[in-house]
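K.L.:
Dumping the structure here so I can ask a few things about it.
Laboratory data are not the source of any read-out in this text; all were calculated from the coordinates shown. Everything numeric in this text was worked out from a predicted model, so none of it was measured. In this analysis, Cβ positions are derived from the backbone assuming ideal geometry, glycine residues included, and neighbour counts consider all displayed protein chains.
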Amino acid sequence: MALAVHTGRRMNTSRTTRWMSTGVRRGLAAVMLVAVALSTPLPAPAAPSDDSVMPVDQHTSEKGRRLAAKYTPALRELSAKVYHCMPWVEAKKNGIGFYKPKHLEGDNRYLSINLYIDQQPSPEFAAFSIEERASRMFSRYVGPMVRRMAATPGLLNDSSLDGFTVILEWLKQMPASPNARPVHETIASFLDRASAADYVAGRVPARDLASRARVLAWDGETSLGPIRLTSWEDDFVTTYKVANYQVAPGVSCP
Amino acid sequence: MRTSQLRFLIGLGALLLFAGCASSDEWQTWKEHPTHFASGDHFFFSTRNREGSNPRVTRQDIAVARDQGWWGKPVTVSQEAILER
């Protein structure tokens, strides 16, 4: 004799089975999600945070804001290319924008980029004079960065733009002790728009670029004033590859 | 309510399951160097790039390594000394 089974609403076994089945399916799905989350690398961002591009409203003149409003999308693309394609380089916060060089009179607006070059200073590099180190960094980065900045459609022909600034900063030498603060060297290279256009068009060769630029230097926080550099063609930026570096999906580097 | 409880328990079980996946060698290494995986990012990078496999370096890895290897505030000129907004 079978035991009497109360089959009221809460004892409906088929409902319970379905509930369990649904629960198990959902549980398995949760397990799969956890497994995927733990085993799949986080995707690299398609673009860096936008804090390397100075917001339009932080430009202090109408001329600067107008330029920024017009070209900010292109500047973000430039920032993303530097971020993904030159991973040993860091564009500083608000390092890209239409700034006014402090040494110039009037509201001269230069498209500026401020970069920290992450490199280990070798003893050979440290043994050079500041002019020699700066010449190497200038040749390596200033020309290529001017080309990238000037590639923005319409920019070179925009009469509101007065020129280009490339600021380069690097570690001068390894800190002498673990407690010592690292000292950086900085050069700021200013190139007026006509000179930049001549360079981009090939009318000024790389070896003459430094003589067309005004270059200011700093040792740590100490200004060294204008320095005279030599320059040459250097394809480092396009040929150097970080070992095993994997460009983020959807990003193409030249 | 019961469904959410069941899901929570299964999720917790999955976490415990994966937490127990470290080999005895890995646990030994961890015991010897308890701060080795102090950073979750470092741990993530280490587990993804196993010995013998081709390591993959993403932009995110470089940014994290740069942050972790930072030596402190450098002595350098500020951007405001060179440019005006």
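K.L.:
Can you work out which of the residues in the range A:79-109 that are more than 8 Å from chain B (Cβ to nearest Cβ) and in contact with a Leu (Cβ under 9 Å, 6 or more places away or on another chain) is surrounded by the most Cβ atoms within 10 Å (Cβ to Cβ)?
P.N.:
Filtering the range A:79-109 for residues that are more than 8 Å from chain B (Cβ to nearest Cβ) and in contact with a Leu (Cβ under 9 Å, 6 or more places away or on another chain), the one surrounded by the most Cβ atoms within 10 Å (Cβ to Cβ) comes out as A:Phe98.
K.L.:
Right, something else. Which residue pairs have Cβ atoms under 9 Å apart, sit 6 or more places apart or on different chains, and have a first residue in the range A:87-107 that is in a strand (DSSP E or B) and a second that is crowded, with 20+ Cβ neighbours inside 10 Å and charged (D, E, K, R)?
P.N.:
Partner pairs satisfying both residue conditions: A:Lys92/A:Glu169; A:Phe98/A:Arg109; A:Tyr99/A:Arg109; A:Lys100/A:Arg109; A:Lys100/A:Asp162; A:Pro101/A:Asp162.
K.L.:
Continuing with this model, one more query. Being surrounded by 14 or more Cβ atoms within 10 Å (Cβ to Cβ) and without any contact (Cβ under 8 Å) to a residue 24 or more places away in the chain is the filter here, so list the residues in the range A:110-135 that pass it.
P.N.:
Selection gives A:Phe125 alone.
K.L.:
So which residues in the range A:236-250 are away from chain B (no Cβ under 11 Å) and over 17 Å from A:Met137 (Cα atoms), if there are any at all? Let's see the steps before the verdict.
P.N.:
Step one: list which residues in the range A:236-250 are away from chain B (no Cβ under 11 Å), which gives A:236-240, A:250.
Selection gives A:Gly250 alone.
K.L.:
Test A:Ser159 against the stated conditions and say whether it is farther than 22 Å from A:Cys253 by Cα, away from chain B (no Cβ under 14 Å), out of contact with any Gly (no Cβ under 7 Å at 6 or more places or on another chain) and part of a loop (DSSP other than H, G, I, E, B).
P.N.:
Values: farther than 22 Å from A:Cys253 by Cα: yes; away from chain B (no Cβ under 14 Å): yes; out of contact with any Gly (no Cβ under 7 Å at 6 or more places or on another chain): yes; part of a loop (DSSP other than H, G, I, E, B): yes.
Yes, satisfied.
K.L.:
If you check A:Pro153, A:Pro144, which single one turns out to be surrounded by fewer than 15 Cβ atoms within 10 Å (Cβ to Cβ) and either free of Cβ contacts under 8 Å to residues at least 60 places away in the same chain or outside any strand (DSSP E or B) (or both)? Can you show your working first?
P.N.:
Details: A:Pro144 fails: surrounded by fewer than 15 Cβ atoms within 10 Å (Cβ to Cβ).
Among A:Pro153, A:Pro144, only A:Pro153 is surrounded by fewer than 15 Cβ atoms within 10 Å (Cβ to Cβ) and either free of Cβ contacts under 8 Å to residues at least 60 places away in the same chain or outside any strand (DSSP E or B) (or both).
K.L.:
Here is a check on your reading of the model: is A:Gly225 within 14 Å of chain B (Cβ to nearest Cβ) and under 24 Å from A:Ser52 (Cβ atoms)? Spell out how you get there, then give the answer.
P.N.:
Details: within 14 Å of chain B (Cβ to nearest Cβ): yes; under 24 Å from A:Ser52 (Cβ atoms): no.
Here the answer is no, as A:Gly225 does not meet what is asked.
K.L.:
Then there's this: As an exercise: evaluate A:Ser135 against (1) within 14 Å of chain B (Cβ to nearest Cβ); (2) not in a loop (DSSP other than H, G, I, E, B) and give the number of the one condition it does not meet.
P.N.:
A:Ser135 satisfies all of (1) within 14 Å of chain B (Cβ to nearest Cβ); (2) not in a loop (DSSP other than H, G, I, E, B) except (1).
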